[in-house]
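Everything on this sheet refers to the single structure shown next.
The values are calculated or read from the model by the stated rules, or taken from the named source; none is laboratory data. Worth saying up front: this structure is predicted, and the values here are computed from it rather than measured. Here the Cβ positions follow ideal geometry from the backbone for every residue, glycine too, while neighbour counts run over all protein chains shown. Accessible surface areas use protein heavy atoms only, side chains included; no ligands, DNA or RNA. Shrake-Rupley method; radii C 1.70, N 1.55, O 1.52, S 1.80 Å.
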Amino acid sequence: MEDRIRRVLSENAHLAVDPGALGEDADLYRAGMSSLSTVNLMMALEEEFCVEFPDNMLQPSTFQSVSSIRSALNRLASAGD
Amino acid sequence: VSPSSLPLWFGPSARPLFGRVYLPGDGVARGGVLLCPPFDLEAQEVALAYRLLAEDLQERRFAVLHFDYDGTGDSAGGAGDPDRVRAWQGSIVEAAKFLRSSGAGHVFVIGMRLGATLAASVAARCAVDGIVLWDPCGSGRSYLREQALLRTVHAADQGVAPPTEPPSATGQVETLGSVYGPETVAEMSRLNIEGVPYPLAPNVLALLRPERRPRPSLIERLSQENVEFASTAGQDELLSAWTVGSVVPRAAITTIAGWLDDVAAATVSPVHVSQREAVALKAPHHEAVVERVKVSHRLGLFMISTEPEAPVSTQTIVLLNAGRTDHTGPGRLWVDLARQWAGLGLRVVRADLSGLGGSPPHPGQNGDRIYPPGAVDDIRDIARSVSPDDPSDVVLVGLCSGGYHSAMAALEMPVAGVVAINPGFPSRGGTRKGDDISAPAESQPPASLSLRPVRLLQARAITTAWLRRHFPGFHAALKRPGRAANELKCWFSNRTQGSTRPVMVFKRLEGTGTRTLVIFRPYEAELFGRGERGVLRRLRRGSAFRMEVVEESDHTLYLQRSRLEIVPMLTRYVLGAAKRSPSVRRDEEAGGHPVAGQAALAER
């Protein structure tokens, strides 16, 4: 899952650094992710993982790091089981 | 602004719509083109791109109408009114009717984002000859989800706490600039292009954003049409950086104009629009007010006045541009305030400085500048035009660059009051880290402010060297980390700016006796006071100066939370500053009502 997240990040987040080189808890906003890139990232993640983030997850904290994204996707997957 | 564009109202007199018409020079057109804008912040970000597109099409002999939907921009109504989606769709139908009744035989429609989705939903009803879907939202629901996320990211960035209840609990959605109630959210959520019956129009151009893969169902639906797909580069740059940094996607404009050139017939017909420059509207509490298009006497600057039936004051409140945002204000706040205050008995004007919104730039200068050269002259011209008997009888209100311009103008001309919200001073050749109030590098300081940055930097370098040599202890203290050292460093740095630094501008203003209200969010209050504690303390002791810090607010006032805090503060100030008109004074002396607006405010 982490590789897929990093690939989506590299295509959509327009970071100032290579997403592959970021630690899993590194702050993506500090790495240069803009508000519009957050929206692009949200939509790309939804398409990649065939999920829809509910309203209460439409928060910057959901998309703040690789680990927070993974955690959100895991929560969605377990809710869907 | 094109010299042959006409601002006007059209549509039902009880619910007029506002627009700007661009006609070919000889009044003969190949057809009419309707520009359906996006919504909320996006509408303001694309305003310049739409204007340039309109001017391009005007040169290709089209009559173009760029209009505001019901409850948006300068049109009547508000975002909180009922039946929004039907009203927006009705606005498109009304605008198409207006173009046809003006003589346009063929009508085309161009919509961007949610404007494209809406335009698609009524294209068949309007019997348009062609439609351009520019980066369309697949659905109203997807638009609301995107905007809700943008809003939360912005709020977090500005240090504003998230709402206690998630949108799903209240049913309402807050975007940047609007709050849509549960009914409107439900209506918008049902809106989608896939569900619109075939055909949309005889010709369709779909410009899709390469950064976002469109839903297969959208491509499938559009493929049923006589459609041409094209990629629209530059949407992220157009829509990503607020109005301050929006970049016009010139390639997309050329693609659209070229496509219309190809599909529109070459036959022409005369087009003539009937111009309505004033309308009667209802203020938020149903008071009757009149809005009128005005042009300043000397420079031809664009303004809209909102006046009550019986003014309680001789004063005029002048609302100025915030950054590159036009006279409607951030998230349409100036329109809402103008109507609300006119309902309380005040005269209000929202104006565009030179080169912004509907105002032409000064001869030989480029438009679209946050700090237009000659802004003080613009404000003087506006004051003389709206209050010819006494140009000093105006209260200037501005946010960010507007706050700065208000203060600078008040130093050069007498005014009744100044309200500066998060005043943004031009940077001296660069931005400070995290300082979102600085002007971008392309902006130049106004002519009235002689900063002489090179000489100042030289002076600072020489002084620093002198300090290091003669007072090494003091110099070392400046270098030491920590709050006190930082304060000392700021104090030292500020002194090199002399009387042009923000706190000194307001100190000089206080010295003139001009009533001034400055409102800051905490971060900007800290910047304002950094290294200035002594001056600020003395300034706050002055009777004419008042400073408020609003804890939960954003710089641009796009968050509802900011508005709920700041609007009552502003309203109290402008009512308190209002000089009573002779008729009201007579009433008071005869034992009648006090200032009607103040009584009305107290009731609310």
Mind giving me the FRET efficiency for A:Asn56 and B:Ala280? R0 is 30 Å, r the Cβ-Cβ distance, nearest 0.05 is fine. 0.10
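Taking Rh as the Kirkwood radius computed over C-alpha pairs, what is the Stokes-Einstein D of the stretch B:227-335 at 20 °C in a medium of viscosity 1.002 mPa s, expressed in µm² per second?
Diffusion coefficient, whole number: 116 µm²/s.
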Distance between modelled label sites at A:Ala77 and B:Ala266, nm, 7 Å Cα→Cβ extension: 6.3 nm
How much accessible surface area, in Å² rounded to 10, belongs to the heavy atoms of A:Cys50 with a 1.4 Å probe? 120 Å²
Hydrodynamic calc, the stretch B:258-416: Kirkwood Rh from Cα pairs, then Stokes-Einstein at 37 °C with viscosity 0.692 mPa s, so D in µm² s⁻¹ is 198 µm²/s
At q = 0.13, 0.14, 0.15 Å⁻¹, what log₁₀ I(q)/I(0) does a Debye calculation on the Cα points of the stretch B:1-101 give, no solvent, two decimals? -0.43, -0.50, -0.57
Describe numerically, in nm with one decimal, the distance between label points set 7 Å from Cα along Cα→Cβ at B:Gln224 and at B:Glu548. 5.4 nm
If R0 is 25 Å, what FRET efficiency do you get for B:Met504 and B:Asp389 from their C-beta distance, rounded to 0.05? 0.15
Per-selection metrics, the stretch B:30-73 (Cα): Rg and Dmax in Å: 10.9, 32
In square nanometres, what is one fourth of the surface area of the convex hull spanned by the alpha carbons of the stretch B:138-202? 5.4 nm²
Interface A/B, total buried accessible area with a 1.4 Å probe, nearest 100 Å²? 1800 Å²
Keeping all protein chains in the complex and leaving out DNA, RNA and ligands, what accessible area do you get for B:His297 with a 1.4 Å probe, in Å² to the nearest 10? 140 Å²
Give me the accessible area per residue for the stretch B:321-428, probe 1.4 Å, as a whole number in Å². 22 Å²
Cα axis of helix A:35-49 to longest principal axis of chain A: angle in degrees, 0 to 90, nearest 10? 50 degrees
Can you pull the semi-axes for chain A, root of five times each eigenvalue of the Cα gyration tensor, sorted largest first, whole Å? 19, 13, 11
Just from its helices, what would the mean residue ellipticity at 222 nm be for chain A, if runs of 4 or more DSSP H residues each count -39500 (n - 2.57) and the sum is divided by every residue, rounded to the nearest 500 deg cm²/dmol? -16000 deg cm²/dmol
Carbon + sulfur, % of accessible area of chain A - ligands and nucleic acids excluded, 1.4 Å: 47 percent
Using a Förster radius of 45 Å, what is the FRET efficiency between A:Glu24 and B:Glu183 based on their Cβ-Cβ separation? Nearest 0.05, please. 0.60
Average accessible area per residue (Å²) across the stretch B:24-170 - probe 1.4 Å, nucleic acids and ligands excluded: 28 Å²
Ignoring ligands, DNA and RNA, what accessible area per residue does chain A give at 1.4 Å, in Å²? 47 Å²
Work out which residues of the stretch A:32-81 lose at minimum 30 square angstrom of accessible surface when the other protein chains are put back, relative to the chain isolated, with a 1.4 angstrom probe, and list them by number. A:Ser35, A:Leu36, A:Val39, A:Asn40, A:Met42, A:Met43, A:Glu47, A:Glu52, A:Asp55, A:Leu58, A:Gln59, A:Pro60
Roughly how many whole Å is it from the C-alpha centroid of the stretch B:9-31 to that of the stretch B:277-322? 21 Å
